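Values in this text are rule-based calculations from the coordinates and carry no lab data. Only a predicted model underlies this, so the values are computations on that prediction, with no experimental measurement involved. Positions of Cβ are backbone-derived with ideal geometry, glycine not excepted, and every protein chain shown enters the neighbour counts.
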Amino acid sequence: MKKIFTYILYCFIALNFCACKKLHEFNDTITLKRNDKIPYGTYAAYRLLQNEFPHARIETNQNAPTGWKNLSNDSTNQVLLIVTKSFDPSEDDLDYLTGFVQKGNYVFISTSQLTRNAARFFKLTTKQHYNYYAIGLHLHHEFDPFDSTAVILDTASFHQPFYYQYPGADFTNQYSSFDSSFSYPLGYSKDSNLNIIAIHSLKGTFFVHSAPVTFTNFFLLYKNNREYFEKLMALLPADAKKIVWDEYYLNQNFNNTPQPKQGLLSVILKFANFQWAFWVALLLLGLYLLTEIKRKQRMIPEYEKPKNDSLEFVTTVGKLYYEKADHKNLAEKLSLYFLDHVRSQYKISTAEINDSFVQQLAVKTGKAANDIHAITNMMHAINLSDAITQKQLMDYYELLEQFYKTT
């Protein structure tokens, strides 16, 4: 049984090891989540925030603007970073964000889709990118080595035209028009279309950015693209006291995505390595049940032949009495053992030790009647005396030993 389960365990580990090779395949899931180290997660961007703002507190937000716990409309120099696929605020959210910015705070929104309500609020017209619907409405984007994204920073805001690209998903959008009375451009796409603008609102500023893939690990770790992130963060106040990474709108996208019903084994069958190991383990268990269904008889252990320890016991007890010099008591014990031996071995009654007893024992043992008389006479003498000497005990013992040896 133990061997079977050991074999199953080894098979499970081996299959797990082999299947783990698939983990090195390119993961094309676009999550934009700060804890994801996959190509299209934002783990690197989130970790770089502390370098860009060494004196600020870096926090995360999971709540709608009306339910903020770590941002306040009464404070200034706070920064809210929103990196999401779709920015879909309610009217209350927009009012609250506007009040937050007007107090002297900053909101940076990087999203590939502005909903109609949000686009109208910022007075922007967006251009749906050619592959937006193929990518934007799904979590996966099939990796294409010929696909790419490029972004350019505006020369009016930066000293030289910075150009950055990477060979990854072109999960971006562009702005075809904006209101120049309170907005100004900061960057462009590879087609020279606007993709980032600043919108002033009293003491603070909104930044609206249409290329959230530039915050992903793949983009930032490709060549010198980290500079692009640094330039974007330079638009925000260097003395910001709090940087809040927003996850409310990102989680809103995932929560609105229809989720398939999951069964009891969905967690195991979700991953290829666990899936293979599960089915192989199930197959091995079935083979074990088929081959071991017949009951096996337990092996009967070998027992040794019982030993007669009575003589050893008598010898031990005899030594005890002999060492105490209790010769009469020891002689009586020898008599009792002799009579028990006669009863069990020769089936002769020992109720009376007389001539009849001697004759019967002589006939059954073949011993001379005189030898047996010597034993019975010594027995009577011991019973009648108060004490006996060591010599008498030894003589009696010799008589009994002679009897045992010759019968």
Selection from region 209-223 of residues within 38 Å of the chain's Cα centre (by Cα) and of a type in the set (S, T, N, Q) yields Thr214, Thr216, Asn217
Scope region 172-210; condition over 16 Å from Ala234 (Cα atoms), among the hydroxyl-bearing types (Ser, Thr, Tyr) and touching a residue at least 60 places away in the same chain (Cβ under 8 Å); matching residues: Thr172, Ser183, Ser201, Ser210
Subset of region 23-61, residues within 26 Å of the chain's Cα centre (by Cα) and hydrophobic (A, V, I, L, M, F, W, C), comes to Leu23, Phe26, Ile38
State which residue pairs qualify: first residue without any contact (Cβ under 8 Å) to a residue 60 or more places away in the chain and over 9 Å from Lys328 (Cα atoms) and inside region 383-400, second residue part of a helix (DSSP H, G or I) and of a type in the set (Val, Ile, Thr) in any location, beta carbons under 9 Å apart, and separation of 6 or more residues or different chains. Leu399/Ile375
